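Read the structure below first, then the notes.
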Amino acid sequence: MFPTDLSGLLIILLFLVPGLITRTVIATSIPRHEQGAQAWLVEIMLFSAIGFVIFAVFYGILLLFGNFPPMDLRRFPPKDPPLLVAALFYVFFFMIVPLVLGYILVVLFERGFFSRTFERLRVKAAHPAPRAWDYFFSQQQQALVVVSLTNGEKLAGYMGGASFASSYPANEDLFLERQLRVSNGTITGNLLPNTKGVWIQGSQICCIEFYEAIKSDEPDSVEQGKIQ
């Protein structure tokens, strides 16, 4: 049964829209497993509830210390306070709080806050990244990359800010912005002339080796773990 008035529709939006925005922010930054409809809905409602608590604390502080009259958020348009003030509150709840919450959760995840917390609590939690591929490349680290292909050949290159690796659920493929010369299966340490990079199809990859990329004083050459 669907709501027949604006108040009922607003109540549904209170439980869905903020959580959906927060989840979208997280999904664009952290590759994750696919979820069923039930888990997806529960997660959205959980994020909405967290956002509502944050908003309620902020609103309570405003009522306690500010000269601001109580507002019935279920009414639209509200009678008191003025419509413009109420609209700002709706924007704050539906947009600002979910965006900030999503950003905070992403930062905490990237800094290992949740993994350390679960470890201290001795809780075994599954990693959200669906593949090791997504786990490493989502960190966007600069590296010297050596790719062994299924046909026995090797490709090498530099992975930096202009490189790209696909993420789940897309098939694996990799673009390295600068390619190194390989001779008889050995990395010579020289950049290919006028290299614009190399694209590697995931199905052709046997394994990938990563080395720290350090700037070299010699132009157009790469020593052990060094690149100009």
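FYI, it's all coordinate maths here, none of it is from the lab. Predicted, not measured: the structure shown is a model, and the values here were computed from it. Glycine also receives a Cβ, built like all others from the backbone with ideal geometry; neighbour counts cover every protein chain displayed.
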For the pair Val123/Phe210, report the inter-label distance in nm, with labels modelled 7 Å from Cα in the Cβ direction.
2.7
Karplus couplings for the stretch 51-61 from phi (6.51 cos²θ - 1.76 cosθ + 1.60, θ = phi - 60°), rounded to Hz, Gly and Pro as x?
x, 5, 4, 4, 5, 5, 5, 4, 5, x, 5
Efficiency of FRET between Leu88 and Asn194 - r from beta-carbon atoms, R0 45 angstrom, step 0.05
0.25
Karplus (6.51, -1.76, 1.60) ³J(HN,Hα), θ = phi - 60°, over the stretch 156-167, in Hz, Gly and Pro reported as x:
9, x, 9, 9, x, x, 8, 7, 8, 10, 5, 10
Output ³J(HN,Hα) for the stretch 121-130: one whole-Hz value per residue in order, computed from phi by the Karplus curve 6.51 cos²θ - 1.76 cosθ + 1.60 with θ = phi - 60°, and x for Gly and Pro.
7, 6, 10, 8, 10, 6, 6, x, 5, x
Between Asn171 and Val53, take the C-beta separation as r, use R0 = 45 Å, and let me know the FRET efficiency to the nearest 0.05.
0.65
Environment charge of Ser203, counting only residues whose C-beta is closer than 12 Å and scoring Lys/Arg +1, Asp/Glu -1
-2
